[in-house]
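Single-structure report; data block below.
The values are calculated or read from the model by the stated rules, or taken from the named source; none is laboratory data. None of these values were measured; they are calculated from a predicted model. Cβ atoms come from the backbone with ideal geometry, glycine included; neighbour counts cover every protein chain shown.
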Amino acid sequence: MSDTGYLHSFPAIRGVQAGRVFYVAMCPMRIVPKIFIFNEEEVPPELRAQRILNRARIPEIASYLVENPNNYILSALTASVDGAKVTFQPYIDSGPVSNMGILSVPMEVNILINDGQHRRAAIEEALKENPMLGQDNIPVLFFIDAGLIRSQQMFADLNKYAVRPSYSLGTLYDHRDASSELARYLANTCVPFIGLTEMEKSTISNRSTKLFTLSGIKHASRALLRKTNADKISDQEKNIAREFWDAVAEHIPDWKLVREKKVATADLRQNFIHAHGVALHALGLLGADLLADRPKDWKKRLQKLSKIDWSRSNAQLWEGRAMVHGRISKATTNVILTSNLIKRYIDLPLKPEEAELEKGASK
């Protein structure tokens, strides 16, 4: 590779996937930290193309490189580059060798990593201890960039069959899945979710100011609309879901107090069932039956939610349902049993299988 002048030039092979041209190139590791960028942590996850760095992983990978300079393996980086400014000069104009040549990328062009940001950061750290590693190469798959949505979809696809990112982050970046689109829509339009949704993590830390997770909204809303992963969701159904969650919020006053910053989210999670995913999912389950059985007066039925004692301290009410031995449980059985209890309060009959589960719970 030559990096003189205003271009980075890579020996590369040209190929096609799904009708899109891509290039496989060999890149000296010494320039990896200089030319490959990743979105910084302060950028909101919805405006990034991959997860934030897990700093704890970097020293482990860097040590692996430094301690095994003659016996390490690094898989390829995957990156997006602006195709309008990239040129490819084949060695020969025709025949199989015409797909081999030099890929030239202007130095001012951002090359955004879609997969491999931890490897990139580890290479940077390893080079500080052993600069000789900079003479080695790492393969890079260059895809022609088609904007943020395409880059986010690449992230979701690349990680779908590998070690998965958090379910919330996968939901945020997956533009193929209708349920993920629904969750993003609700997080940005529903009164109880706006500003209180953890978009990146599927669990909420004690210090977080968020109350719901994007994955929790997805699970609950899919239950509400009785959808599977493969189902499409119409605009009308999206509006029904938004209307339902807005109506639920009207009768859980604590959610409003959090929005108004009169109560800390950590206090709510510590003291109340309704601040956890099991309750949200249970509300989605009963909502599906409520909308089907009471299409005209379902909002009126939801008024009775305000009569429920959501306190975790009320073990007689919640133990064996939303809680197991005092700990919140999101297991399917606990979600259904929690839904059954809420149905009792809003005078909604149990389905046969739900009634059967109640018999087992009472033993």
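The residues of the range 33-66 that are surrounded by 13 or more Cβ atoms within 10 Å (Cβ to Cβ) and modelled with pLDDT under 75, listed by number, are I37, F38, N39, P45, E46, R48, A49, Q50, R51, I52, L53. Considering the range 6-37, and only residues there that are in contact with a Leu (Cβ under 7 Å, 6 or more places away or on another chain) and aromatic (F, W, Y), the residue that is nearest to R120 (Cα to Cα) turns out to be F36.
Of all residues in the range 94-114, those satisfying the criterion of being surrounded by 18 or more Cβ atoms within 10 Å (Cβ to Cβ) and over 16 Å from M26 (Cα atoms) are L112, N114. Name the residue that is modelled with the lowest pLDDT, counting only residues in the range 86-112 that are touching a helix residue (DSSP H, G or I) at 6+ places or on another chain (Cβ under 6 Å) and part of a strand (DSSP E or B). Going through the qualifying residues, I end up with I111.
The residue of the range 67-85 that is farthest from M26 (Cα to Cα), among those that are modelled with pLDDT under 85 and not in a strand (DSSP E or B), is A84. Taken over the range 137-156, residues that are loosely packed, with under 15 Cβ neighbours inside 10 Å and either modelled with pLDDT under 80 or assigned to a loop (DSSP other than H, G, I, E, B) (or both) amount to 3.
Any chance you could count how many residues in the range 220-275 are of a type in the set (D, E) and in contact with a His (Cβ under 8 Å, 6 or more places away or on another chain)? Residues meeting the conditions: 1. In the range 186-197, the qualifying residues are those that are touching a helix residue (DSSP H, G or I) at 6+ places or on another chain (Cβ under 6 Å) and not in a helix (DSSP H, G or I), and the one that is surrounded by the fewest Cβ atoms within 10 Å (Cβ to Cβ) is V191. If we scan the range 272-289, do we find a residue that is of a type outside the set (G, A, S), in a helix (DSSP H, G or I) and surrounded by fewer than 18 Cβ atoms within 10 Å (Cβ to Cβ)? No.
In the range 204-216 there is no residue matching the filter, namely being surrounded by fewer than 18 Cβ atoms within 10 Å (Cβ to Cβ) and modelled with pLDDT of 95 or more. Quick one: in the range 305-363, of everything that is farther than 20 Å from L290 by Cα and hydroxyl-bearing (S, T, Y), which residue is surrounded by the most Cβ atoms within 10 Å (Cβ to Cβ)? Here the answer is S329.
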